[in-house]
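The values are calculated or read from the model by the stated rules, or taken from the named source; none is laboratory data. As the structure is a prediction and not an experimental result, all values here were calculated from the model. A quick note on method: Cβ atoms are made from the backbone with ideal geometry, for glycine too, and the neighbour counts reach across all protein chains shown.
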């Protein structure tokens, strides 16, 4: 390819793909060794390479990084790209002479910053072996001024508020969150049925059903999304793991893991910046044996948050989990006064975690002050160990 393709900020989106094929010969490796001064015999000396565990000469890892650079600079995103970082792994050696396929896919794109991540895979066509996977952080050099002007225009528009989606808005804690967040954000509730009170803008969607992402995207109708507060959770079955039906355990686990993955994927496509999730200390910190499936699902949620954090960070999305101890709302609202007093006595501060404590912590994780905090599990215990 002699001229670079042109993908503008308006053209780019998550999932966009490109590929090209390339033969790698001995003279190619010799030319690369001359330019880089990396003349290691494993790449250059066939007799030496045969004496090693590789049994043959292999292509430099940096040569394959060069293929990723060619993908970014010439194919996708093309002419306007500036590469900011490479993260590489080489799962198998690439022997030469060979012919490879180089595949590129935009895995993250944030229109507000005109930046994203490109995943590049190098595959040896003879053996269909993946020899390199390279994540390329990039931005568009001709779009930064336009993006800055756009941000200034949005900030100056009177009455505009960042849009935040809220799941579980109909619950006791969700209602407090909605009221607390509505001062700084335009809150949109998501759920199967709209609560009778609250006056929230509402999206009717079942998060455990296929297609809710398209419903939300259609409802937003192009409005930029700042983030999501995920406070929903299905009712936890009573009993130990051996007593509860397998389907009930599976539902708790899927809500904590698979749904969380889908939320992350959706926010990455939408170019959002924040994901704040409500957990509980009744997970890895203090599991509850008579609600074992619930505790297991919440524990899965914690680990999913930790594992997702590095991946979402590449798309400039933070993900954090707020884990309150006993809060006297929602499923705890029917507890007797004796239970309330017992739980209060366990807290060194001498008071229970209030819904407002949770709301203020969520507000912090949404704020600019938490922009560099991600993958954290924050228990709200009042000093209780």
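Selection of the stretch 285-302 for residues being surrounded by fewer than 17 Cβ atoms within 10 Å (Cβ to Cβ) and touching a residue at least 40 places away in the same chain (Cβ under 8 Å) yields 289, 290. Out of the residues in the stretch 27-39 that are under 39 Å from the mean Cα position of the chain (by Cα) and surrounded by 11 or more Cβ atoms within 10 Å (Cβ to Cβ), which is nearest to residue 93 (Cα to Cα)? Per the criteria, the residue is 29.
Can you find a residue in the stretch 215-231 that is without any contact (Cβ under 8 Å) to a residue 12 or more places away in the chain, over 30 Å from residue 113 (Cα atoms), surrounded by fewer than 15 Cβ atoms within 10 Å (Cβ to Cβ) and over 18 Å from the mean Cα position of the chain (by Cα)? Give the steps one after another, and end with the answer.
Residues of the stretch 215-231 that are without any contact (Cβ under 8 Å) to a residue 12 or more places away in the chain, as a first pass: 218, 221-222.
With over 30 Å from residue 113 (Cα atoms) added as a condition, the list becomes none.
No.
Select from the stretch 61-73 the residues that are surrounded by fewer than 21 Cβ atoms within 10 Å (Cβ to Cβ), farther than 15 Å from residue 124 by Cα and in contact with a strand residue (DSSP E or B) (Cβ under 8 Å, 6 or more places away or on another chain) and list them in ascending order. Across the stretch 61-73, the qualifying residues are 69, 70, 73. Residues in the stretch 75-97 that are over 12 Å from residue 122 (Cα atoms) and surrounded by 18 or more Cβ atoms within 10 Å (Cβ to Cβ): 75, 76, 77, 78, 80, 81, 95, 96. Report yes if residue 111 is assigned by TED's automatic domain parsing to the domain that holds residue 135, in contact (Cβ under 8 Å) with a residue 60 or more places away in the chain, surrounded by fewer than 19 Cβ atoms within 10 Å (Cβ to Cβ) and under 30 Å from residue 227 (Cβ atoms), otherwise no. Considered against the rule, which asks whether it is assigned by TED's automatic domain parsing to the domain that holds residue 135, in contact (Cβ under 8 Å) with a residue 60 or more places away in the chain, surrounded by fewer than 19 Cβ atoms within 10 Å (Cβ to Cβ) and under 30 Å from residue 227 (Cβ atoms), residue 111 comes out as yes. Residue check: is residue 319 at pLDDT 95 or above and assigned to a loop (DSSP other than H, G, I, E, B)? No.
Does residue 118 qualify as being over 18 Å from residue 313 (Cα atoms) and either touching a residue at least 60 places away in the same chain (Cβ under 8 Å) or in contact with a strand residue (DSSP E or B) (Cβ under 9 Å, 6 or more places away or on another chain) (or both)? Against the criterion (over 18 Å from residue 313 (Cα atoms) and either touching a residue at least 60 places away in the same chain (Cβ under 8 Å) or in contact with a strand residue (DSSP E or B) (Cβ under 9 Å, 6 or more places away or on another chain) (or both)), residue 118 does not qualify.
Can you tell me which of 324, 355, 328, 379 is surrounded by 15 or more Cβ atoms within 10 Å (Cβ to Cβ), within 25 Å of residue 169 (Cα to Cα) and out of contact with any helix residue (DSSP H, G or I) (no Cβ under 8 Å at 6 or more places or on another chain)?
Numbers: 324 fails: out of contact with any helix residue (DSSP H, G or I) (no Cβ under 8 Å at 6 or more places or on another chain); 355 fails: out of contact with any helix residue (DSSP H, G or I) (no Cβ under 8 Å at 6 or more places or on another chain); 328 fails: out of contact with any helix residue (DSSP H, G or I) (no Cβ under 8 Å at 6 or more places or on another chain).
One residue alone meets the criteria, 379.
Between 207, 241, which is farther than 18 Å from residue 264 by Cβ, modelled with pLDDT under 95, assigned by TED's automatic domain parsing to the domain that holds residue 276 and in a loop (DSSP other than H, G, I, E, B)? Result: 241 is the single residue among 207, 241 that is farther than 18 Å from residue 264 by Cβ, modelled with pLDDT under 95, assigned by TED's automatic domain parsing to the domain that holds residue 276 and in a loop (DSSP other than H, G, I, E, B).
Residues of the stretch 235-275 that are touching a strand residue (DSSP E or B) at 6+ places or on another chain (Cβ under 7 Å) and more than 23 Å from residue 363 (Cα to Cα): 236, 238. From the list 385, 341, the lone residue that is free of Cβ contacts under 8 Å to residues at least 40 places away in the same chain, in a helix (DSSP H, G or I) and surrounded by fewer than 21 Cβ atoms within 10 Å (Cβ to Cβ) is 341. Scanning the stretch 1-26 for residues that are without any contact (Cβ under 8 Å) to a residue 40 or more places away in the chain and either more than 35 Å from the chain's Cα centre (by Cα) or crowded, with 16+ Cβ neighbours inside 10 Å (or both) gives a single hit, 2. Scanning the stretch 259-278 for residues that are buried (at least 23 other Cβ atoms within 10 Å of the Cβ) and on the phi > 0 side of the Ramachandran plot yields a total of 0.
For the stretch 344-371, a residue qualifies if it is in a loop (DSSP other than H, G, I, E, B) and within 18 Å of residue 180 (Cα to Cα), and the qualifying residues are 353, 354, 367.
Restricting to the stretch 15-37, name every residue that is touching a helix residue (DSSP H, G or I) at 6+ places or on another chain (Cβ under 7 Å) and more than 12 Å from residue 76 (Cβ to Cβ).
22, 29, 32, 33, 36
Counting only residues that are on the phi > 0 side of the Ramachandran plot and more than 34 Å from the chain's Cα centre (by Cα), how many does the stretch 324-380 have? Give the derivation first.
Within the stretch 324-380, the subset on the phi > 0 side of the Ramachandran plot is 330, 350, 375.
Among the residues that remain, those that are also more than 34 Å from the chain's Cα centre (by Cα) are: 350.
Residues flagged as on the phi > 0 side of the Ramachandran plot and more than 34 Å from the chain's Cα centre (by Cα) within the stretch 324-380 amount to 1.
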